[in-house]
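Okay, structure first, notes after.
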Amino acid sequence: MRGIKLIAEKVFRDRTNSSALRLYFVSPRYETPRLRRWFLKTRGLKFVSSEYAKMAWFLSYIYFVGS
């Protein structure tokens, strides 16, 4: 969800400042929150670290491209 929010804010940067477009980010209806000890499992750590790596790459890529 954080990745989508980050990308959407960058893509629609000019339009979100006006009142014509408002972005809302809501998690899927049937997804259950997994808050208990996800960081103790290898699968959870791999998933979260790969998502943060993607976000870091996206943010650094913007500076190289100049958008």
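The values are calculated or read from the model by the stated rules, or taken from the named source; none is laboratory data. Source: prediction; values computed, not measured. Counting neighbours? That spans all protein chains shown, and the Cβs are built from the backbone with ideal geometry, glycine included.
Can you say whether VAL48 is modelled with pLDDT of 80 or more, surrounded by 10 or more Cβ atoms within 10 Å (Cβ to Cβ) and either of a type in the set (A, V, I, L, M) or more than 18 Å from the chain's Cα centre (by Cα) (or both), as far as the supplied structure shows?
yes
For the range 1-28, which positions are over 27 Å from SER50 (Cβ atoms) and at pLDDT below 75?
Of everything in the range 1-28, those that are over 27 Å from SER50 (Cβ atoms) and at pLDDT below 75 turn out to be ASP14, ARG15, THR16, ASN17, SER18, SER19, ALA20, LEU21.
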